[in-house]
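Heads up, the thing below is written out as structure tokens.
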Amino acid sequence: MAETEAPTNPSLEDLQHWTWVLGRAQQMMLEHGFDLVENRAAKQAFGAMLDPTAAVRAGAGFWADTLQLWQRFLDPAHAAPFEETPEQAKDRRFKAPQWREEPVFDFLRQSYFVVADHLLKGVDALEGVDPRQKEQIRFATRGFIDAISPTNFPATNPQVLEKIVETKGESLLKGLHNMLGDLAKGQMTQTDPNAYEVGRNMATTPGKVVKRTSLYELIQYSPATDEVIETPLVIFPPWINRFYILDLNPEKSFVRWAVEQGLTVFVVSWKSADATMKDVVWDDYVERGQIDAIDTVRELLDVPSVHAIGYCVAGTTLAATLAVLAARGQADRVKSATFFTAQVDFTEAGDLSMFVDDDQLALIRTLGAEGFLDGRYMAATFNLLRGRDLIWNYVTNNYLMGQDYAPFDLLHWNSDVTNLPARWHLSYLTDLYRDNKLAVANALSIAGTPIDLGRVTTPAYVQAGREDHIAPAQSVWKITHHFKGPLRFVLAGSGHIAGVVNPPAAGKYQYWVNEEKVDTLAEFLAGARETKGSWWPDWIGWITGLDSTKVPAKGARVPGEGKLEALGDAPGSYVRVR
């Protein structure tokens, strides 16, 4: 056995360096007004997090597993090996070899998994609890479990400790700088903020703004083919985010791809809310938003109808728009409607419904006192839905490790928040998520016109994401129970964003279709045909099956050469308003 080398005393230079590190850290904390010792509320909250009562109550089996855990640590030769679940084996937080090769960190990893498992079992064992409340408890428990992971604390993360030694503590200073910067701006940084800029290397598909209202800008894209399909396409992205998720870059852009397929493409770029929009409600997004844009395009190109796409909340709104048009005898203004991960029946709306209760609604009323809801609130809410990946991953990398921010276009878009009209947002959460009124005929109305989804006979293409945590596939499927026209349901691989933004050239994921008429998503899957790659070609085939007539790509088909003059280049000015 090799002799252990005696530790060497630190040099004067080392001592000076560590003194500087500690002094600089103290200075940075004071400069930003932190006083954690005096923050009694924070101490109490942290103390509650460490209270072992919840873990003890997880069940008697917890103690048996704990004893086995200690036996593996103290006498590994005679103990049964730790059996990981498939999910635990794939947990990227513990992919570093130190978590298995070094006994102390292996013990931390195993003990964390044991506690996490029994906490969730304890929730499942609760009796006499309302199902919705139980789901809220489970959601909060999962969030708590993610928060107490040993990867989130410097003293229990081997990679953080090694980084501290390697950089002589400067990684901590850099991480502290990152954290204080995020606190100052009120939002977590997930990617290099200087790597991307709309109009430079994002949202670059050529086009012009041809209309601007107090609610939206209408962008018309330049044709890429000599002839175009006669019926144009109008895309309504969600106003919760910026529209350029569909035009991230030339390789990922659905907009550019659609133009290259011979479609005349228009996109609505919504205005980020401010105090002037305090009275904006859902009626406005239907009447002054979607219907106005549809009629504008019809008049500009002198066509009877348009193809329309609604993404997420804009898809929910498009369903209401179709019902309103049907009630007014104007259904023929929309030739087809495509829905990207959109819900109309919110009985199984997923984890986002955990944020819709009286306390949350009261909080939103307070936050929206000026007439609009700061987009950072919604960004934080969506991040909480995937806290492990979108919060704690960056706590470790950005704050504990002090690593440089990596450029990532999707996360840049995710961080590019928009403000919401507070009055509209409250009614949306109350009427749709909480009370599910859209699914009830005539329970809601737009400008006096009752909404009945059962009157919609417009041909519909409905896309859902199999792993979508915002609009679960089971929830999106419910649209098939309401519309009465021809409908094609497509289940795409991946989730709310990657399931939609999946260009054919990438060769990623897959999608499922079932030509038989079935009543449930389970029946759909049982008889579905899987196709590798993107569903986009299936969609354009569906579109051309409805309308293959082509016209020359000239005159009003070129932005600015019709009745509406160009007001500026795409991506416009509203997308740049913060």
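In the range 360-374, the residues that are touching a residue at least 60 places away in the same chain (Cβ under 8 Å) and over 16 Å from residue 280 (Cβ atoms) reach residues that are open to solvent by less than 50 Å² (accessible area, probe 1.4 Å) and among the polar types (S, T, N, Q) with C-beta atoms within less than 8 angstrom, at least six apart or across chains, in these pairs: 361/430. Considering the conditions (1) within 16 Å of residue 315 (Cα to Cα); (2) of a type outside the set (Ser, Thr, Tyr); (3) more than 19 Å from the chain's Cα centre (by Cα), residue 472 is excluded by exactly one of them, (3). Annotation note: of 229, 164, 235, the sole residue that is under 24 Å from residue 572 (Cα atoms) and at pLDDT 90 or above is 235.
For the range 199-231, the candidate set comprises residues that are in contact with a Pro (Cβ under 9 Å, 6 or more places away or on another chain) and of a type in the set (S, T, N, Q); within that set, the residue that is nearest to residue 411 (Cα to Cα) is 204. Among the residues making up the range 500-536, those that are part of a helix (DSSP H, G or I), over 23 Å from residue 243 (Cβ atoms) and open to solvent by 20 Å² or more (accessible area, probe 1.4 Å) are 522, 523, 525, 526. Residues in the range 401-410 that are part of a helix (DSSP H, G or I) and open to solvent by less than 20 Å² (accessible area, probe 1.4 Å): 409 only. For the range 375-398, the criterion of a residue being assigned to a loop (DSSP other than H, G, I, E, B), over 30 Å from residue 540 (Cβ atoms), over 20 Å from the mean Cα position of the chain (by Cα) and modelled with pLDDT of 85 or more is satisfied by no position. Taking every residue in the range 185-198 that is under 17 Å from residue 244 (Cα atoms) and pairing it with any residue that is assigned to a loop (DSSP other than H, G, I, E, B) and open to solvent by less than 30 Å² (accessible area, probe 1.4 Å), at least 6 positions away or on another chain, the pairs with Cβ-Cβ distances below 6 Å are 198/571. For residue 318, are the conditions met, namely being closer than 21 Å to residue 208 by Cα, open to solvent by less than 40 Å² (accessible area, probe 1.4 Å) and outside any loop (DSSP other than H, G, I, E, B)? So residue 318 does not fit the description; no. Candidates in the range 210-226 are the residues that are in a loop (DSSP other than H, G, I, E, B) and of a type outside the set (Gly, Ala, Ser); of these, the one that is nearest to the chain's Cα centre (by Cα) is 215. If the condition is being open to solvent by less than 60 Å² (accessible area, probe 1.4 Å) and either in a loop (DSSP other than H, G, I, E, B) or charged (D, E, K, R) (or both), then the range 472-487 contributes 472, 478, 482, 483, 485. Pairs linking a residue in the range 509-530 that is within 22 Å of residue 348 (Cα to Cα) and in contact (Cβ under 8 Å) with a residue 24 or more places away in the chain to a residue that is in a loop (DSSP other than H, G, I, E, B) and of a type in the set (Ser, Thr, Tyr), with Cβ atoms under 6 Å and 6 or more positions apart or on different chains, do not occur. Kindly indicate the residue of the range 453-467 that is assigned to a loop (DSSP other than H, G, I, E, B) and open to solvent by 40 Å² or more (accessible area, probe 1.4 Å) and also farthest from residue 535 (Cα to Cα) among those meeting that condition. If we take residues in the range 453-467 being assigned to a loop (DSSP other than H, G, I, E, B) and open to solvent by 40 Å² or more (accessible area, probe 1.4 Å), then 457 is farthest from residue 535 (Cα to Cα). What number of residues in the range 321-342 are within 29 Å of residue 384 (Cα to Cα) and open to solvent by 10 Å² or more (accessible area, probe 1.4 Å)? Qualifying residue count for the region: 0.
Does the range 79-89 hold any residues that are assigned to a helix (DSSP H, G or I) and surrounded by 14 or more Cβ atoms within 10 Å (Cβ to Cβ), and which are they? Passing the criteria: only 88. Is there a residue being surrounded by fewer than 22 Cβ atoms within 10 Å (Cβ to Cβ) and in contact (Cβ under 8 Å) with a residue 60 or more places away in the chain anywhere in the range 488-495? Within the range 488-495, none of the residues are surrounded by fewer than 22 Cβ atoms within 10 Å (Cβ to Cβ) and in contact (Cβ under 8 Å) with a residue 60 or more places away in the chain.
Looking across the range 291-305, the residues that are assigned to a helix (DSSP H, G or I) and touching a residue at least 60 places away in the same chain (Cβ under 8 Å) come down to 292, 293, 294, 296, 297, 299, 300, 301.
Screening residue 240 with (1) open to solvent by less than 10 Å² (accessible area, probe 1.4 Å); (2) among the hydrophobic types (A, V, I, L, M, F, W, C); (3) touching a Ser or Thr at 6+ places or on another chain (Cβ under 7 Å); (4) closer than 22 Å to residue 371 by Cα gives one miss only, at (1). Every test in (1) open to solvent by 20 Å² or more (accessible area, probe 1.4 Å); (2) under 21 Å from residue 504 (Cα atoms); (3) not in a helix (DSSP H, G or I) is passed by residue 200 save one, and that test is (2).
Residues that are among the small types (Gly, Ala, Ser) and modelled with pLDDT under 95 occur at least once in the range 340-350.
State yes or no: is residue 418 in contact with a helix residue (DSSP H, G or I) (Cβ under 8 Å, 6 or more places away or on another chain), of a type outside the set (D, E, K, R), at pLDDT below 95 and not in a strand (DSSP E or B)? In short, yes. Is the range 546-553 home to any residue that is of a type outside the set (A, V, I, L, M) and crowded, with 18+ Cβ neighbours inside 10 Å? No, the range 546-553 has no match at all. Out of 175, 169, 207, one residue alone is among the small types (Gly, Ala, Ser), touching a strand residue (DSSP E or B) at 6+ places or on another chain (Cβ under 8 Å) and crowded, with 18+ Cβ neighbours inside 10 Å. It is 207.
Considering (1) of a type in the set (A, V, I, L, M, F, W, C); (2) modelled with pLDDT of 95 or more; (3) touching a helix residue (DSSP H, G or I) at 6+ places or on another chain (Cβ under 9 Å), the lone condition that residue 369 does not fulfil carries the number (2). Name the residues in the range 425-462 that are under 15 Å from residue 321 (Cβ atoms) and of a type in the set (A, V, I, L, M, F, W, C), would you? Selection gives 432, 438, 444, 446, 447, 451, 453, 456, 460. Looking across the range 421-452 at every residue that is farther than 18 Å from residue 285 by Cβ and part of a helix (DSSP H, G or I), the one that is most open to solvent (accessible area, probe 1.4 Å) is identified as 434.
The values are calculated or read from the model by the stated rules, or taken from the named source; none is laboratory data. All values reported here derive from a predicted model rather than from experimental measurement. With ideal geometry, Cβ positions are generated from the backbone for all residues, glycine too; neighbour counts draw on all protein chains shown. Areas reflect the complete protein model, heavy atoms only, side chains present, ligands, DNA and RNA absent. Shrake-Rupley method; radii C 1.70, N 1.55, O 1.52, S 1.80 Å.
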